[in-house]
1. Per-residue HN-Hα couplings for segment 42-49, Karplus 6.51 cos²θ - 1.76 cosθ + 1.60 at θ = phi - 60°, whole Hz, x for Gly and Pro?
2. Using θ = phi - 60° and the Karplus form 6.51 cos²θ - 1.76 cosθ + 1.60, what ³J(HN,Hα) does each residue of segment 122-134 get, whole Hz, x for Gly and Pro?
3. Helix 94-109 against the longest principal axis of the chain: what's the angle in degrees, Cα atoms only, rounded to the nearest 10?
4. Given Cβ point charges of +1 (Lys, Arg) and -1 (Asp, Glu) and nothing else, what value in debye, to the nearest 20, does the dipole of the chain about its Cα centre take?
5. Working from Cα positions, state the angle (0 to 90°, nearest 10) between the long axis of helix 317-326 and the longest principal axis of the chain.
6. Take the alpha-carbon centre of segment 69-90, take the same for segment 24-53, and report the distance between them in whole Å.
7. Quick one: which residues, 5+ away or cross-chain, put their amide H under 5 Å from the amide H of Met259? H built at 1.01 Å from N.
8. Given an 8 Å cut-off on Cα distances and at least 6 residues of separation, report the relative contact order of the chain as a percent.
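Every number in this text was worked out from the coordinates using simple rules, so none of it is lab data. All values reported here derive from a predicted model rather than from experimental measurement. Because the Cβ atoms are built from the backbone with ideal geometry, glycine has one as well, and the counts that use them run over all protein chains shown.
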Amino acid sequence: MAVAHQRDVAGRDKAVFRRLLLAWYQESQRKLPWRGATDPYHILVSEIMLQQTRVAVVEERYKKFIAQFPSVERLARAKEATVLAAWSGLGYYRRARNLHAAAKEIVRHGAFPRTTPELMELPGVGRYTAAAVASIAFGEPVAVVDGNVKRVIDRVVNREPSGSNAEKHYWEIAGQLLDRQSPGDFNQAMMELGALVCLPAQPLCRACPVADLCGARGPTEKANRPTRLKAELHYALARRNGSVLLRQRKKQSSLMPGMWELPEIKGQNEGKLPLLKLRHAITTTDYTVFVHDSNNRKRTADRWVPLRSVHRLPLTGLTRKIIRGLGDA
């Protein structure tokens, strides 16, 4: 078995790497609704949405969100419940709350932060998001590191950083490769290369613009993924005069506080078929969800909500999916 060589992309190789990568990006980048955006608010929204959410899901949701909140001022003025309702279905609702809080902070200061350190002062904005906004919106010569960039770096230098300094090394290597004249395009090109070509198990090396500079061409071992958990959830569906009974999660809940959902039950009538059965995945668990017809009585945390306006509430993603599956809204 041949031993892959280790290389450092140095000197002239770096210049060639940048040129080839940027040329490929100009020709092959995906047409995404936030591509080409110069408004730092629009870029911030897209980057926050793309955290732990697939691009295909974000595309439509981003356009709707920006249409509803076209400026940072509009988002800052909105009620939290309105923001959460617009975010419903994207999951990880802390992102929406932090984005809302960040908008208020920006408006309060009277200007959008322009540098990575300043952006990192905003609620929910870490080094990656801050660097992405600063480089794309303001041209700050700072690199970004996400999972896609790490994979490109691992293969190009054929040396996976390890130990307590691994993260620091990734940022250092990304900074060395960075095209300081076009940092925004270069950072997006690195992420695009990882997303479209430098794939985890089966990289498309023949389509890679920098394959000749890569130290580890070809497939790599697929990482062992933890076994996903299985579980069941049961919900009661009570309807009356065109309305559905919903229950608000406690404000102190560690998961989706304040969101609205169908009342959860322990299970119902084994001999009676459920109205709906569907699959739903959250983090490491795959759920089988059963929805049962019910004449549940209203409790303190419950509300009868007209189906025609149900989506104005901040619904959990699962509740939105259930209502859509029943064809009621």
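1. Along segment 42-49, the couplings run 4, 5, 4, 4, 5, 5, 5, 5 Hz.
2. 6, x, x, 9, x, 4, 4, 4, 4, 5, 4, 5, 5
3. 70
4. Rounded to the nearest 20 debye, it is 1420 debye.
5. The angle comes out at about 60 degrees.
6. Value for the Cα centre distance between the two parts: 19 Å.
7. When sequence neighbours closer than 5 places are left aside, the close amide H contacts are Arg249.
8. 18
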